Amino acid sequence: MRRIYLDYAASAPVLPEVLNAMLPFFVETYGNPSGVHATGREARKAVEQARRQFAEAVGAEAREILFTSGGSESDNMAIRGVACTLKEKGNHLITSLTEHPAVLNTCRALEKHGFRITYLSPDTSGLISPDQVREAIGPDTVLVSIMTANNEIGTVSPVTEIGAVCREKGVLFHTDAVQAAGALPLDVHAMNVDLLSLSAHKFHGPKGTGVLYVRQGTRLEPLITGGSQERSLRAGTENVPGIVGAGKAIEIATACREENNKRIRELRDLLIRLVLERVPEAQLNGHPEKRLPNNCNFSFAGIESEALLLRLDLAGIAASGGSACTSGSMEPSHVLQAIGLEEEMSRGSIRLTIGRETTLEEIKTTAQILPEIVKDLREMRGWKKNG
Ligand SMILES: *Cc1c(COP(=O)(O)O)cnc(C)c1O
């Protein structure tokens, strides 16, 4: 059976160019980048090249790029690092209800240590406004963390404007840009951000490698202490193959961004149009325009998304519930709840995310199979339109 992969927001395949760039660093150039010998120096050189590749991609200086084990660690490092460093200054942080669990659960954990967190509530399209942030900032606010683009519903935040508010108020601004890399232009100066998280496997790099951009002069307490790697901010021997692959992946993602997105956006718009045409009582979740070019998030009345995902999988189509991180549990998605979706619609929601390997044929096949399965599931439950 031919498989159709529509779960790029969960992970994307490593590109052959990326894999080839990584391979020499397993067996040939295996030295520890801290070594003084030739093989160590070569590994060091490769790590520093990857650092420059990321700096170039986000408009930063190489020394402002830190390598981590992924998006989750980058988010933790930004939030815990700032909270810990500035706790004498204030104990208040601001975030939103639609953040990734790497941000939300980190904030929840800080609450147990005496920090006060404001969780801003989005509008029905998933947007947080700069004015909401302005109103929430107080004299004891030390950090605002608002994601660049949402991983479930694809809504793109007004990060530049939120960053401007933070700058005006003298508060540090972190953004989880994990879903934005490769999809949106990233420029840390234009975006007014002090800290920005990335994860390589979301843009065709290897899993287990992430980046945290830290604006020069931003003090941060390390999460992992030990050796003096990453300017003593993240101890541990560098994941050299991962870092090299991540550098190659961000370079390609940036170079191909506009061309890829044009094609991906057309496929997305076609899929949205066909599904909404063919399935009665269906809706698109998230902002209609301010959304990631590859994201479709649908709700279908009268079905359970678990059943739909299983049937799609049997038909060879890989999709995802609200988010991969909460699937397996029957909890309705925290994002769909936050945008005020009624329980029935939130239970019947799925996410289809498109990538650079997706073909027109695959979209057409999906737009044919999906409505049939929804119809079938509804009939099995005796569901009737409008009760
Ligand atoms: C995937 C994802 C993360 C976590 O990244 P990992 O590298 O898997 O730890 C964080 N934030 C967002 C928005 C994501 O989509």
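The values are calculated or read from the model by the stated rules, or taken from the named source; none is laboratory data. Keep in mind it's a predicted model, so treat the numbers as computed, not measured. All Cβ positions, glycine included, derive from the backbone under ideal geometry; neighbour counts span all protein chains shown. With ligands, DNA and RNA removed, areas are computed over all heavy atoms of the protein, side chains included. Shrake-Rupley method; radii C 1.70, N 1.55, O 1.52, S 1.80 Å.
Structure notes:
- Yes/no for ARG215 being of a type in the set (Lys, Arg), within 20 Å of ALA57 (Cα to Cα) and open to solvent by 10 Å² or more (accessible area, probe 1.4 Å): yes
- Going through (1) within 18 Å of ALA200 (Cβ to Cβ); (2) surrounded by fewer than 15 Cβ atoms within 10 Å (Cβ to Cβ) one by one, GLY35 falls short only on (1).
- Every residue from region 262-301 that is part of a helix (DSSP H, G or I), open to solvent by less than 30 Å² (accessible area, probe 1.4 Å) and under 27 Å from MET147 (Cα atoms): ILE264, LEU267, ARG268, LEU271, ILE272
- Residue within region 129-142 that is within 16 Å of the ligand (Cβ to nearest atom), at negative phi and within 20 Å of the chain's Cα centre (by Cα) present: no
- Verdict on THR124 being crowded, with 19+ Cβ neighbours inside 10 Å, polar (S, T, N, Q) and at pLDDT 95 or above: no
- Hey, ASP176 open to solvent by 30 Å² or more (accessible area, probe 1.4 Å), in contact with a helix residue (DSSP H, G or I) (Cβ under 9 Å, 6 or more places away or on another chain) and not aromatic (Phe, Trp, Tyr) or not: no
- Residue in region 357-377 that is outside any helix (DSSP H, G or I), within 26 Å of the chain's Cα centre (by Cα) and within 16 Å of the ligand (Cβ to nearest atom) present: no
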